[in-house]
Amino acid sequence: MTQDIEKFGIKFQDDNVKFAYRQALKRYGKRLKQSTKREYKFNNRPITQEDLNRVKRAIDSKGVSSLPPMRSTGTVMQKSNWFEVLKFKRRFKKVVRNKKTGRTKTVRYGQAGKAKDGGDRIRPSTKKGDAYCARSMGIKRRLPKEKRNDPNSPNNLSRKKWKCKGEKSTR
């Protein structure tokens, strides 16, 4: 930890501030390090207790302090909590089995929620559908051949819901 502090070029007013920084590092993790580096690295003065408190308040005001610390303690609980917090919500999911290994995995796809007017997001054979199909076709073209024709890829599953044929959405 001391090496990190020296590597970032952060100087402290005294040992008490350095100790407080280390304690805060346990709570805030990488976020504190990045904020401190961003705010005070290029100042030619050491960090005081007030500066440290200002950085902590800034992190708290962003609403991230309620999350568990990002430090890896090796417990599965903390890692799974972070995964749940950062995981994107998807509308549909499909459990897929690998034929070679027999393992299953869940493929999540589709944007969650309703459209602006409260209707369904997926509207085949509309202008919006054609735009989606053209956009997803561009994504599909950039994929390697084996992924392009994979029926269980999120892009292909979404194209199926939108009833895409090439760059057009059909009825």
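Can you list the lysines whose alpha carbon sits under 18 Å from that of Lys168, skipping same-chain ones fewer than 8 residues off? Filter leaves Lys127, Lys128, Lys140, Lys160. What share of Cα pairs, in percent, lie more than 19 angstrom apart in the stretch 92-171? In whole percent, the share of Cα-Cα pairs in the stretch 92-171 beyond 19 Å is 43. Length gained on full extension, Lys26 to Lys147: 39.4 nm, using 0.36 nm per residue less the C-alpha separation. Near Lys11, the amide H atoms lying under 5 Å from its own belong to Ile47; only residues 5 or more places off or on other chains count, and H is placed 1.01 Å from N.
Every number in this text was worked out from the coordinates using simple rules, so none of it is lab data. Since the structure is predicted, the reported quantities are computational estimates derived from the model, not experimental observations.
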